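In what follows, a single structure is set out as structure tokens and then discussed.
Every read-out reported here was derived from the displayed coordinates using simple, explicitly stated rules and does not represent laboratory data. All of these numbers come straight from a predicted model, not from anything done at the bench. When we count neighbours, we look across all protein chains shown, and the Cβ atoms used for this are built from the backbone with ideal geometry, even at glycine.
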Amino acid sequence: MSNTIELSVIVPVGERYDDVRSLYHDYKRGIDASGLRYELIYVLDGDRPEVFKELVELQQQGEKLKLIKLAKSFGEAIALTVGFDNASGEFLLTLPAYYQVDPTEIPKLISELQNCDMVISHRWPRTGSGFEVFRRRVFHGTLKLFTGVSYRDLGCGVRALKRQVAQEVTLYGDQHRFLPVLASRRGFKVKELDVAQSPKDYFRGAYRPREYLHRLLDIFTIFFLVRFTKKPLRFFGMIGSLTAVAGGIVVLYLVIQRLFLGMPLAERPALLLSSLLVVLGVQILGLGLIGELIIFTHARELKEYNVEKIIN
Amino acid sequence: MEAPSGVSDQRAVDLSVIAPLYNEEESVELLYKSIVDALKDLKLRYELVFVDDGSSDRTFIRAQELADRDPYLRVIKFRKNYGQTPAMAAGIDHASGRLLITMDGDLQNDPRDIPHFIDKIEEGFDIVVGWRFNRQDKLVTRKIPSRIANWLIGKVTGVPIKDNGCSLKAFRAEVIKNIPLYSEMHRFIPAMTSLAGARIAEIKVRHHARQFGMSKYGLSRIYKVLLDLLAIKTVVSFASKPLLWFSILAIPSALVSIGLLASSVNGLFSSSEAFSVPIAGTGVLFGALAIFLFLGGALCELIYKTGDTKPQWLSSLTAQQVLGKEPRGAEDIHEIQPPELADQP
């Protein structure tokens, strides 16, 4: 068939979006340059009446685009998943609903997909205040510290990937940022490519403190998923046994003092503190055991390995 | 690209030999030849399953060359390195034999031992494990830690196997395919299955010093083994009644709590002893811990009810024993046609 779709472009539209019309035309020019037969899918994450109106108008003007509207706002990860599910191309490209990357860079990203399974972009050279640069460094540095993977621009939504990646990696919550991390964990080859930043890419407003906390928790979730999904007791056991042993040593010390040096136990708040540590440690170990049981009962559906090829 | 997941198509073979390979480009061909040599006199239809555990060298290409000539060599390539247990699990998932043999891919096990394993299985054992009685490894970094680990595993699980770490093992397929293999559980396969009622035999095997490359699967660290052991104990031996297991764990802290609280209540009412906040507080803490553990056990019951790996495999195994059903073995293995291996090099 000559008119099968090779590339599906998915644009999730959330809270932040730039002028729909000009962005659409810019993207279109960029994708056209790749020479692939493509489809364009807009996923509206919840009620975005302005965007919806403009997109419908574009459709009426004869522009070919698929429009999916979610009943309520589910977050970008779900919007992307819905887009993936409705895509028919072998290659997928995700684009943000606002300017991040110069659209002329799109063909470069897609052609790089010949050599790997996923291409993510790194906006470079990049503008931004000193604080923003610092914030990005801290975010990626923390991620590297916890998971050992080093990426430089996970905030960039311009990513090209093969269909199989989207099929195998499940996203939920705020994990869309970490799609490359999760993909490489499943053995896919992920490449980071330097691309020109769009001149219209600027961040409005500051993050609220809550956002920082969320990012930190996200990193922790990813850390746990990447390192300890299969062995929760290793993780909980490490923390739990250290806590319990520390508490145990202090308790022992206090008891020895009581027995041999005659220091009364009853007046020592240190007893309370140390037994608190013991209790906490045992509780953490207990959680680890529960986790271990969860893994065991699901071990058959959770395949630990990913097969690339089978011969014979 | 082939469909990566799912169960392999069933082939008419009796025996599958599974070997994980990780950066073994020099060994692949030798390994293949030695296995074929060892098996050619047995009247068995067999296949080989090589699992390339995300090697960075030419292991896969070498294995592929062999597989092109031999349709009974199946090669599974991982996308990245996952470790020995997942590699074995993949081999087991994709093997079609009724009898499965696992072995190291680094030539340290000797395929000439395989017939002894088959004999033992024919005698009626479900699992036969190898014992590297003259182990050719470094004493301090490998042999001593492993001896401690084996002693400990034997104590906790009650299955005194001398060498849990030996990869050369034979299984009845229906036994091993029902056991969830993950993390580094291959070390505990005998223990797990024996708790489930499997009959286990241990035989001495030859062990060779490493010919090529470096040791890849690191030394067994006691700490990891300890935690894994605790996990196994929880999961297997108390799996069917987690509430009981957690309640047992809760007893000591409940006792401590009762003792401390009793003494502080005594302090509250008697005039001679003063009421002590730290003592009472400690009592309350341990009481809370006991309650936490008890509720944790209740939660586990819930997980068990909803999970899908219920200990059915335990019952299916023991049922076989209870019924005194003779396991398939001796006779029908030997009356099989000669090997259907294609052109042997």
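Divide by every residue of the protein assembly as shown the summed helix terms, -39500 (n - 2.57) for each DSSP H run of at least 4, and state the resulting mean residue ellipticity at 222 nm, rounded to the nearest 500 deg cm²/dmol.
It lands at -15000 deg cm²/dmol.
Describe numerically, in nm with one decimal, the distance between label points set 7 Å from Cα along Cα→Cβ at B:Arg58 and at A:Leu272.
7.1 nm
What is the Rg over Rh value, at two decimals, for segment B:15-237, using alpha-carbon atoms and the Kirkwood definition of Rh?
Ratio value, two decimals: 0.94.
Considering every residue in A:283-292, what mean count of other chain Cβ atoms within 10 Å of its Cβ is obtained?
The per-residue average across the peptide is 6.
Given points 7 Å out from each Cα along the Cα-Cβ axis, report the B:Arg112 to A:Glu90 separation in nanometres with one decimal.
Placing both labels 7 Å beyond Cα along the Cβ direction yields 5.1 nm.
Enter the mean projected area of the convex hull around the alpha-carbon atoms of segment A:1-107, in nm², rounded to one decimal.
So the Cα hull casts an average projection of 6.5 nm².
Report the FRET efficiency, 1/(1 + (r/R0)^6), for B:Val140 and A:Lys144, where r is their Cβ-Cβ distance and R0 is 35 Å, rounded to 0.05.
0.55
Given the convex hull over the Cα atoms of segment A:189-247, what projected area results after averaging over all orientations, in nm²?
7.8 nm²
Looking only at segment A:79-206, where both bridge partners belong to it, what percent of the DSSP beta bridges are antiparallel (to the nearest 5)?
Bridges in segment A:79-206 are about 55 percent antiparallel.
In whole Å, what are the extents of chain A along the principal axes defined by its C-alpha atoms, from largest to smallest?
So the three principal-axis extents are 91, 57, 37 Å.
In segment B:1-119, what is the volume of the convex hull around the alpha carbon atoms, normalised per residue and reported in Å³?
Convex hull of Cα atoms, per residue: 101 Å³.
Give the residues of segment A:257-294 whose amide nitrogen is closer than 13 Å to a point set 7 Å from the Cα of B:Ile303 in the direction of its Cβ.
Counting backbone N atoms under 13 Å from the label point, the list is A:284-294.
Across every pair of different alpha-carbon atoms, what Kirkwood hydrodynamic radius in Å does segment A:57-207 reach? Please report the intermediate quantities before stating the final value.
Values: mean 1/r = 0.0603 Å⁻¹.
16.6 Å is the Kirkwood radius here.
Can you say what percent of the DSSP beta bridges in chain A, counting only those with both residues inside, are antiparallel? Round to 5. Please list the in-between numbers first.
Working: 8 of 29 bridges.
Percentage antiparallel, nearest 5: 30.
Please give the average number of partner chain Cβ atoms lying within 10 Å of the Cβ of each residue in A:234-240, rounded to a whole number. Walk me through the numbers before you get to the answer.
Working: counts 7, 1, 1, 7, 3, 0, 1.
That works out to 3 on average.
Taking segment B:77-126 as the region of interest, what is the percent of Cα-Cα pairs per 5 angstrom bin, listed from the shortest bin to the one with the maximum distance?
Values per bin, smallest distances first: 4, 16, 23, 22, 22, 8, 4, 1.
R0 = 25 Å: FRET efficiency of B:Ser263 with A:Ile249, Cβ-based, nearest 0.05?
0.60
Consider just the alpha-carbon atoms of the protein assembly as shown and return their Rg together with their Dmax, both in angstrom.
That works out to 30.0, 97 Å for Rg and Dmax.
Pulled fully out, how much extra length does the chain show between A:Asp174 and A:Arg21, if you take 0.36 nm times their separation in residues and subtract their Cα-Cα distance?
52.3 nm
Sort all Cα-Cα distances of segment B:134-207 into consecutive 5 angstrom bins from zero, then give the percent of pairs in each bin up to the one containing the longest distance.
Final binned percentages: 3, 14, 25, 26, 19, 9, 3, 0.
Pick from A:Gln59, A:Gln257, A:Gln164: which is most flexible by mean-square fluctuation in a GNM of chain A where alpha carbon atoms under 10 Å apart are linked?
Comparing A:Gln59, A:Gln257, A:Gln164 in the GNM, the peak value goes to A:Gln257.
Suppose R0 equals 45 Å. What FRET efficiency, 1/(1 + (r/R0)^6) with r the Cβ-Cβ distance, do A:Ala71 and A:Phe220 give to the nearest 0.05?
Taking R0 as 45 Å, the efficiency between A:Ala71 and A:Phe220 is 0.90.
Among B:Leu293, A:Val165, A:Ile5, pick out the residue whose Cα is farthest towards the positive end of the charge dipole of the protein assembly as shown, where Lys and Arg carry +1 and Asp and Glu carry -1 on C-beta, about the Cα centre.
The residue sitting most towards the positive pole is B:Leu293.
What percent antiparallel are the DSSP beta bridges of the protein assembly as shown, to the nearest 5?
Beta bridges within the protein assembly as shown, antiparallel portion: roughly 30 percent.
Order these peptides, B:50-59, A:49-58, by their mean beta-carbon neighbour count within 10 angstrom, highest first. Don't skip to the end; give the middle numbers.
Details: B:50-59: 22.5, A:49-58: 14.5.
Put in order of decreasing packing, that is B:50-59, A:49-58.
Could you work out the Kirkwood radius for segment A:15-73, taking every pair of different alpha carbons, averaging 1/r and inverting it, reported in Å?
12.2 Å
What is the projected area of the convex hull of the Cα atoms of segment A:232-298, averaged over all directions, in nm²? Write out the running numbers ahead of the final one.
Numbers: hull surface 17.9 nm².
Projected area, direction-averaged: 4.5 nm².
To the nearest 20 debye, what charge dipole does chain A have about its Cα centre, counting +1 at the Cβ of each Lys and Arg and -1 at the Cβ of each Asp and Glu?
880 debye
Grab the Cα-Cα distance for B:Leu255 and B:Gln211, subtract it from 0.36 nm times how many residues apart they are, and report the gain in nm with one decimal.
Taking B:Leu255 through B:Gln211 to full extension adds about 10.1 nm, to one decimal.
Longer than 20 Å from Cα to Cα, which of B:Lys77/B:Lys204; A:Lys231/B:Lys233; B:Lys241/B:Lys305; A:Lys108/B:Lys80; A:Lys189/A:Lys309; A:Lys28/A:Lys66 are they? Say none if no pair is.
Violating the 20 Å Cα-Cα cut-off are B:Lys77/B:Lys204; A:Lys108/B:Lys80.
How large is log10 I(q)/I(0) at q = 0.09, 0.14, 0.18 Å⁻¹ when the Debye formula is applied to the Cα atoms of segment A:143-267, each weighted equally and without solvent?
Debye curve over Cα of segment A:143-267, log10 I(q)/I(0) at q = 0.09, 0.14, 0.18 Å⁻¹: -0.46, -0.79, -1.10.
Which whole number gives the average, over all residues in A:270-277, of C-beta atoms from other chains lying within 10 Å of the residue C-beta? Mind showing how you got there, number by number?
Details: counts 1, 7, 8, 3, 1, 11, 5, 1.
That works out to 5 on average.
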